[in-house]
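Trainee: What follows is a single structure, and I will ask about it in a moment.
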2 protein chains.
Amino acid sequence: MNVKLAENYGFCFGVKRAIKIAEENIGSSTYGPLIHNGKEINRLQEDFQVSLVEDISTFKEGDKAVIRTHGIPKDELALLHEKKIDVIDATCPYVTKPQQICEEMSNEGYDIVIFGDVNHPEIKGVMSYAKKGVTVVESVEELEGKFFYEKIAVVAQTTRKVDEFMKVCNHLMRSHKEVRVFNTICNATFDNQDAVKALANESDVMVVIGGKNSSNTKELHSISKDNCKDSYLVEGPDDLDSAWFLNKKDCGVSAGASTPDWIIKQVTAKIKELS
Amino acid sequence: MNVKLAENYGFCFGVKRAIKIAEENIGSSTYGPLIHNGKEINRLQEDFQVSLVEDISTFKEGDKAVIRTHGIPKDELALLHEKKIDVIDATCPYVTKPQQICEEMSNEGYDIVIFGDVNHPEIKGVMSYAKKGVTVVESVEELEGKFFYEKIAVVAQTTRKVDEFMKVCNHLMRSHKEVRVFNTICNATFDNQDAVKALANESDVMVVIGGKNSSNTKELHSISKDNCKDSYLVEGPDDLDSAWFLNKKDCGVSAGASTPDWIIKQVTAKIKELS
């Protein structure tokens, strides 16, 4: 069986940057998982003594707190500073941007619409920067029955599908005087999405590697499934099943933005072994 | 044959307002046709001595110049003031709005995209308010090969179809960081368009009344034709042809925003006579 990697896959700029920051801060703690990949977080713990703190109250004065790529809510950041924690910001700059937009647009009196998952840490952070009047939707249908003033600013979770974002914007643009659309979906997301679509179309079976709580990985898997019905999401080589590759000729592989190369290598090696 | 008027048709707020202004200024001159309806312009000339001036250089100090509903370019307005002409502004407020947007956005460094007809007086006026970097397109296809900076502001000719406007916005939103969409298509246009669509769907034959150089009338006719193949555009009763109504049961009638009621009455009376 042929195993082919997507033209674009895996680590994005923001994840690479955050890992470098963590590696440079031996003995620090990340507040929440630095990236959505448990295996890489374990590696940082073992090789660089970077621990994971889930409860903000456990940080003490002088501690080094690394802010995760997804960012954190504004009041939590203020609390860390107040407690004189040494804050090291590894928030992806593409996430800092929608946070800033939210704050600015809110100050200018725009109603804010965020296209994304209200329970995702990135969105919890972004929405915390709006003063009031912020609405988070995961689909255009969720806009039904909602009221907005004439001026609306729209941002997207960085890892969302652009087509769905367009639907939300179009719905708002039809009936409101000014809709200020900030396309905050990041280019790495675009590139990985385009590449997985192309590869899925020419493959018999697809394996998408990434954390099961990783938003961008789930989107990749969903796009893959739309274009190749036998598409599987795995976190590592142990999740592979030899039955998937029976009578298949071409296997495509992609990986989410938080999936390290060493896991991708392990998975592709195991696929070759199984097929 | 049943003759039925669309639920919304004819004179919009801006046209009604402009005619009232002209009627209140007996003996004045409009610079360019006040509205796109020759018959109504003749009536204003005959009943209120409101003449039509096409050449700006013929205005003399102290003359009363009525600015047409479509507005005029910024430099021409400045020239009228400079020549101490008594300027009476009958520009539709819904047209003044995109002029202001164009000026403000241009000052803030946005590239401006106007969806409309570069040769239409409204657009000639609107685009004159942008300092530089203004692009006028009539379709999404015309955006191909054009380069814009990251921040774009988009406005529409007030009388355009909203679906086409959406296409232009979507194209820009996919690949630019910020697209500020000002939906300047006026509600009267929306309402007349929605109503003509509904009526055309339940009619055997459609008559749309309006000036042949009227943008909004042409759009109404185009929507009508999309929903009822036997759709005709007429300027007045003399354009009607009895052959159109042969073996037809339901005739729908709509009229552009610059079509006065007295013409609509003449046309519907003649349709009944012919059928």
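Rule-based calculations on the coordinates, nothing more; no lab input. Keep in mind it's a predicted model, so treat the numbers as computed, not measured. So basically every Cβ, Gly included, is an ideal-geometry build from the backbone, and we count neighbours across all protein chains shown.
Trainee: For segment A:29-71 and segment A:251-275, what is the centre-to-centre distance using only Cα atoms, to the nearest Å?
Mentor: 25
Trainee: Now a separate question. What FRET efficiency, computed as 1/(1 + (r/R0)^6) with R0 = 22 Å and r the Cβ-Cβ distance, is obtained for B:Asp163 and B:Lys229, rounded to the nearest 0.05? Provide the component values of the computation, followed by the final result.
Mentor: Details: r = 20 Å, r/R0 = 0.90.
So the FRET efficiency works out to roughly 0.65.
Trainee: Now, a different point. Which aspartates and glutamates does B:Lys124 reach when only Cα atoms under 12 Å apart count, and residues fewer than 8 places away in its own chain are ignored?
Mentor: Correct list for B:Lys124: B:Asp75, B:Glu76.
Trainee: Could you let me know the centre-to-centre spacing of segment B:184-216 and segment A:153-197, using Cα atoms, in angstrom?
Mentor: What the calculation gives is 32 Å, centre to centre.
Trainee: Please compare each pair in A:Lys39/A:Lys64; A:Lys151/B:Lys39; A:Lys151/B:Lys197; B:Lys20/B:Lys161; B:Lys97/B:Lys248; A:Lys177/B:Lys132 to a cut-off of 32 Å on the Cα-Cα distance and tell me which ones are over it. Let's see the in-between values first.
Mentor: On the way: A:Lys39/A:Lys64 22 Å; A:Lys151/B:Lys39 40 Å; A:Lys151/B:Lys197 29 Å; B:Lys20/B:Lys161 28 Å; B:Lys97/B:Lys248 43 Å; A:Lys177/B:Lys132 24 Å.
Exceeds cut-off: A:Lys151/B:Lys39; B:Lys97/B:Lys248.
Trainee: Still on this structure, please answer the following. Under 12 Å from the Cα of B:Lys60, which aspartates and glutamates turn up, not counting those fewer than eight places away in the same chain?
Mentor: The qualifying aspartates and glutamates are B:Glu82, B:Asp86.
Trainee: Label position 7 Å from Cα toward Cβ: report the copy-to-copy distances for A:Lys83 in nm, one decimal, ordered from shortest.
Mentor: So the label point of A:Lys83 gives 7.4 nm to the other copies.
Trainee: Order these peptides, B:64-76, A:95-107, by their mean beta-carbon neighbour count within 10 angstrom, highest first.
Mentor: On the way: B:64-76: 21.6, A:95-107: 19.6.
Peptide ranking by packing, descending: B:64-76, A:95-107.
Trainee: Between the label point of B:Arg17 and that of the same position in each other copy, find the distances and list them shortest first in nm, with every label point placed 7 Å from Cα along the Cα-to-C-beta direction.
Mentor: Spelled out, the distances from B:Arg17's label point are 4.7 nm.
Trainee: Once you put a point 7 Å from the Cα of A:Glu23 and another 7 Å from the Cα of B:Val53, both along the Cβ direction, what distance in nm separates them?
Mentor: 7.6
Trainee: Could you give the nm distance between label points at B:Asn247 and B:Glu7, where each point is 7 Å from its Cα heading toward the beta carbon?
Mentor: The answer from the label model is 3.2 nm.
Trainee: Taking B:Lys167 as the anchor, which lysines have their alpha carbon closer than 16 Å to its alpha carbon, excluding any fewer than eight residues away along the same chain?
Mentor: A:Lys167, B:Lys146
Trainee: Inter-copy label distances at A:Lys132, 7 Å along the Cα→beta-carbon direction, one decimal in nm, shortest first?
Mentor: Distances to the matching label points in the other copies: 4.3 nm.
Trainee: For the rotation bringing B onto A, which B residue has its Cβ nearest the axis, and at how many Å?
Mentor: Nearest residue, distance rounded to whole Å: B:Arg180, 2.
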